[in-house]
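Report on one structure; see the data block that follows.
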Amino acid sequence: MTNEAQQAFVANVTERRKGAHPTVPHIIAGVEYYDGPLIERRDPSHPDVIVSACHDAPDELVHKAVEASRKAQKEWARVPLAERIERVSRAIPYIEAHIEEWAVRVALEIAKPYAGSRAEGAEVLDIAKFSTKYASAPGAFEDARETDPAGFANDSVLRPYGVFGMVTPFNYPIVQAAGPTIAALIAGNGMVVKTAADGPWSGHAVYEFCEVMNLPVGLVNIIHGADGPGRALVASDLDGICFTGSVAVGRSIIRDYAAGPYSRPVIAEMGGKNPVIVTDDADLEEAAKGIVFSAFDMSGQKCSALSRVLVTQGAHDRLVELVSERVKELKNGDPIDPTVFAGPVVSPEAVDRYNKIVDVANSAGFRVETGSTKGEGYLVPATVISGVPAAHDLATVEHFLPVLTISEVPDFETALSVANDTDMGLTAGIYTGDLNEARTFLAEVEAGCVDVNVPGHATTGWWPGPQTFGGWKGSGSTGKQALGKWYVGQFARQQARKLPRELEHLLTY
Ligand SMILES: NC(=O)c1ccc[n+]([C@@H]2O[C@H](COP(=O)([O-])OP(=O)(O)OC[C@H]3O[C@@H](n4cnc5c(N)ncnc54)[C@H](O)[C@@H]3O)[C@@H](O)[C@H]2O)c1
Ligand SMILES: N[C@@H](CCC=O)C(=O)O
């Protein structure tokens with residue numbers, strides 16, 4: 001990432017705002033469709049500017065996409081694993097070549113500054129590299145069997161389910177659809193992607209990079225729109241669904257799938273109410289830095305974002321001061337302005353939700369400190385609310401906004417019990433000078449991704465390669481995480497195969 005690249009990003013975003021916007025089509029079996037009511041996406045930094053558009057896919061089109069994928073998947077399932085991996089790998093140079101272009105789309109639709117916008121393509125690149133690497137490892141698709149005393153030839157292998165659907169959240173409009181699509185394809189499935197209505201042009205990148213894989217026509221289809229096409233996709237004749245989004249929608253999908261004629265996989269990654277614990281002998285300067293970044297990067301619109309601090313008595317007052325001082329320095333504004341820390345939030349509705357939260361905090365007499373905003377659009381400032389009882393709604397509900405609560409707790413044990421006292425369990429962190437506390441935290445905290453004394457990150461910063469990512473409890477449905485070597489296997493089912501020795505040559509995969 002060079003200064004020159006950042007300047008080009010600013011120039012391209014500026015230029016795009018002045019020009020015509022794209023309307024992305026639904027694509028089914030290689031054919032473009034523009035069916036359904038038009039949905040225009042306004043730039044969150046300049047809502048008078050329309051930056052992209054799509055159509056709200058009617059149910060029939062969603063079903064057509066699933067049917068087309070089902071036909072193509074029969075051919076894809078016969079392609080040997082090594083060749084599937086090779087075909088998926090063909091997208092790697094394409095993805096690398098499009099990181100900067102996709103950054104512009106993400107900035108226009110979701111308003112992330114350069115680093116965050118660029119990180120979308122960069123993360124997809126690493127997901128593609130590592131997913132293909134893990135799937136190529138010996139044994140990745142085969143459960144080695146012992147010699148059969150009865151003399152049969154045996155194996156036990158992973159086979160595709162058929163067709164998956166992907167329902168995408170707005171905050172990572174490329175990454176969150178790309179990872180499951182890559183995994184589903186490697187495992188031998190077809191995929192129908194439903195993009196986020198706030199980021200259809202960004203999400204469309206997933207279809208574009210799949211095109212260079214030379215897949216059977218119709219194996220990957222893309223549809224756009226609001227919640228309706230998501231509901232239609234979930235209700236269609238899929239063999240499995242992949243959902244990333246809020247706990248409420250994810251749970252409803254899990255319930256619907258459980259009520260079906262037989263059990264089908266639901267790979268759901270959902271929200272969090274991510275805590276950090278800070279205890280008396282922690283390095284409070286370091287804690288404040290990590291807290292502020294994890295709470296306010298991307299305006300708090302990250303599933304891993306920190307939203308509640310549980311701090312012990314001896315550290316409380318100083319930590320509140322340090323965090324408040326830092327928050328006052330933060331500016332939210334146009335993502336191409338190099339002086340802003342984060343962009344606007346996703347919609348006017350999100351601004352309304354923010355205003356209600358601040359009203360509640362003020363009426364309750366909590367201390368509220370904010371950063372500033374600059375410019376126009378769906379802007380709200382980074383906000384820290386302290387003096388909040390740990391059980392208050394403000395400290396227990398995921399707001400998905402740049403709002404952080406600070407609650408004082410008597411000791412580490414109480415902090416840990418409060419941290420775990422939620423149905424969600426995505427990320428959690430601790431800043432402590434006491435190794436016993438760190439050890440107990442690692443052993444007992446109920447979250448899928450945990451940070452201990454990490455400089456700069458209290459709860460965020462999970463990247464393919466070094467880390468995996470996924471939630472426990474209500475935050476994730478499978479217990480196996482994205483980005484890791486067990487992810488692709490979730491898109492496949494195991495089959496044990498037994499044959500007379502003379503037919504062993506049939507056991508290919
Ligand atoms: N755990 C993770 O990996 C992860 C990553 C990113 C975001 N998230 C979570 O996503 C949420 C923010 O994203 P969002 O506001 O787009 O979430 P959302 O749940 O409102 O929407 C997600 C997607 O589901 C669709 N949808 C809505 N209702 C539906 C229904 N009844 N049936 C089928 N589809 C439906 C939407 O159109 C959208 O495409 C937060 O809760 C955040 O924590 C989680
Ligand atoms: N990749 C993000 C989490 C994704 C959530 O929306 C992180 O690094 O914290």
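The values are calculated or read from the model by the stated rules, or taken from the named source; none is laboratory data. Values in this document were obtained by computation on a predicted structure and should not be read as measured data. Every residue, glycine as well, gets a Cβ built from its backbone with ideal geometry; the counts of neighbours run over all protein chains shown. The accessibility values were calculated without ligands, DNA or RNA, using every heavy atom of the protein model including side chains. Shrake-Rupley method; radii C 1.70, N 1.55, O 1.52, S 1.80 Å.
Details
- The set of residues in the range 220-247 being more than 21 Å from residue 492 (Cβ to Cβ) and within 16 Å of ligand 2 (Cβ to nearest atom) consists of 245, 246, 247.
- Being surrounded by 24 or more Cβ atoms within 10 Å (Cβ to Cβ), closer than 21 Å to residue 141 by Cβ, in contact (Cβ under 8 Å) with a residue 40 or more places away in the chain and within 16 Å of ligand 2 (Cβ to nearest atom) is a property that does not hold for residue 174.
- Considered as a group, the residues in the range 212-251 that are closer than 14 Å to residue 192 by Cα and among the small types (Gly, Ala, Ser) include one that is nearest to ligand 1 (Cβ to nearest atom), and that residue is 230.
- Test: residue in the range 183-193 that is more than 14 Å from ligand 2 (Cβ to nearest atom) and more than 30 Å from residue 257 (Cβ to Cβ): no
- Test: residue in the range 441-457 that is away from ligand 1 (no atom under 13 Å from the Cβ), assigned to a loop (DSSP other than H, G, I, E, B), touching a strand residue (DSSP E or B) at 6+ places or on another chain (Cβ under 7 Å) and among the polar types (S, T, N, Q): yes
Per-residue answers, yes or no, for (1) open to solvent by 10 Å² or more (accessible area, probe 1.4 Å); (2) more than 28 Å from residue 95 (Cα to Cα):
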| position | (1), (2) |
| --- | --- |
| 187 | no, no |
| 201 | yes, no |
| 234 | yes, yes |
| 251 | yes, yes |
| 260 | yes, yes |
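- Flag if residue 297 is outside the structural domain of residue 487 (by TED's automatic domain parsing), in contact with a helix residue (DSSP H, G or I) (Cβ under 8 Å, 6 or more places away or on another chain), under 22 Å from residue 381 (Cα atoms) and acidic (Asp, Glu): yes
- Per-region count, the range 432-472, residues away from ligand 2 (no atom under 12 Å from the Cβ) and open to solvent by 40 Å² or more (accessible area, probe 1.4 Å): 15
- Where a residue in the range 296-312 is closer than 20 Å to residue 372 by Cα and in contact (Cβ under 8 Å) with a residue 24 or more places away in the chain and its partner, wherever it lies, is near ligand 1 (Cβ under 10 Å from one of its atoms) and charged (D, E, K, R), with Cβ under 7 Å and at least six apart: 307/273; 307/398
- Restricting 359, 352, 393 to those that are at pLDDT 95 or above, closer than 29 Å to residue 446 by Cα and open to solvent by 60 Å² or more (accessible area, probe 1.4 Å) reduces the list to 393.
- Tallying residues that are in contact (Cβ under 8 Å) with a residue 60 or more places away in the chain and within 22 Å of residue 332 (Cα to Cα) within the range 6-46 yields 14.
- Condition check for residue 218: open to solvent by less than 30 Å² (accessible area, probe 1.4 Å) and closer than 26 Å to residue 462 by Cβ: no
- Residues that are of a type in the set (A, V, I, L, M, F, W, C), within 24 Å of residue 115 (Cβ to Cβ) and part of a loop (DSSP other than H, G, I, E, B) occur at least once in the range 419-437.
- Test: residue 240 is open to solvent by 10 Å² or more (accessible area, probe 1.4 Å), assigned by TED's automatic domain parsing to the domain that holds residue 141 and not basic (Lys, Arg): no
- Residues within the range 417-431 that are of a type outside the set (Phe, Trp, Tyr) and open to solvent by less than 10 Å² (accessible area, probe 1.4 Å), tallied: 7
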